[in-house]
Amino acid sequence: MGTQAIAYKFKCSESWGRRVKQEYREQGKTGPATRRKRIPKWHAIAADIKRVVETNPDLTLRELKEELQTSFSLATLCKALKSLGLTLKNPDGQRTASSSRGSAASNLEDSATWPQSGTARIFR
């Protein structure tokens, strides 16, 4: 099959068709490239992360980073904890945005009493 025929059949450019033919000719490829299975850099210290979190579950991410003496960013450590299924306690009992919303049941209870009968609310 010619380059123009491939380009017409797959509705693509002729240069893409040439690359497909070249890969088939040189490497025998007939499908898309396989995905790379990259191992994250934090995987090398996964055992250390587990050990530190199990002994000190009330550390913050910044304190965990200092305890591990690593150069990983806080976001990387957060992803590692999530992947490992580990959690850290919130410092000083601080509430997160999701916990301050309350449950759906408590929201329904509040809405049952609001607005008071005989009162009008105007929102602007």
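The values are calculated or read from the model by the stated rules, or taken from the named source; none is laboratory data. Note that this is a predicted model, so its numbers are computed, not measured. FYI the Cβ positions are ideal-geometry reconstructions off the backbone, even for glycines, and counts take in every protein chain you see.
Just checking, how many residues over the stretch 1-43 are outside any helix (DSSP H, G or I) and under 30 Å from residue 83 (Cα atoms)?
Residues flagged as outside any helix (DSSP H, G or I) and under 30 Å from residue 83 (Cα atoms) within the stretch 1-43 amount to 9.
Select from the stretch 13-26 the residues that are farther than 12 Å from residue 1 by Cα and either of a type in the set (D, E, K, R) or in contact with a helix residue (DSSP H, G or I) (Cβ under 8 Å, 6 or more places away or on another chain) (or both) and list them in ascending order.
Of everything in the stretch 13-26, those that are farther than 12 Å from residue 1 by Cα and either of a type in the set (D, E, K, R) or in contact with a helix residue (DSSP H, G or I) (Cβ under 8 Å, 6 or more places away or on another chain) (or both) turn out to be 13, 14, 16, 19, 23, 25, 26.
Restricting attention to the stretch 15-58, and to residues there that are of a type in the set (D, E, K, R), within 30 Å of residue 76 (Cβ to Cβ) and exposed (fewer than 10 other Cβ atoms within 10 Å of the Cβ), which single residue is farthest from the chain's Cα centre (by Cα)?
Initial filter on the stretch 15-58 (of a type in the set (D, E, K, R)): 18-19, 21, 23, 25-26, 29, 35-38, 41, 48, 50-51, 54, 58.
The next check asks that each one be within 30 Å of residue 76 (Cβ to Cβ); those that pass are 35-38, 41, 48, 50-51, 54, 58.
Narrowing further to those that are exposed (fewer than 10 other Cβ atoms within 10 Å of the Cβ): 35-38, 54.
Details: 35: 18, 36: 18, 37: 16, 38: 15, 54: 23 Å.
Going through the qualifying residues, I end up with 54.
Sort through 12, 78 and tell me the only one that's at pLDDT below 95 and more than 31 Å from the chain's Cα centre (by Cα).
On the way: 78 fails: more than 31 Å from the chain's Cα centre (by Cα).
Criteria check complete, one pass: 12.
Any chance you could count how many residues in the stretch 81-106 are in a loop (DSSP other than H, G, I, E, B), among the charged types (D, E, K, R) and at pLDDT 60 or above? It would help to see each step written out before you state the result.
Here is the first cut: in the stretch 81-106, the residues in a loop (DSSP other than H, G, I, E, B) are 85-90, 94-96, 101-103.
In the following step, the residues that additionally are among the charged types (D, E, K, R) were identified as 89, 95, 101.
Right, trim to at pLDDT 60 or above and you get 89.
Looking only at that region, the number is 1.
Considering each of 76, 70 in turn, give the residue that is out of contact with any strand residue (DSSP E or B) (no Cβ under 6 Å at 6 or more places or on another chain), of a type in the set (Ser, Thr, Tyr) and part of a loop (DSSP other than H, G, I, E, B).
On the way: 76 fails: part of a loop (DSSP other than H, G, I, E, B).
From the options 76, 70, the qualifying one is 70.
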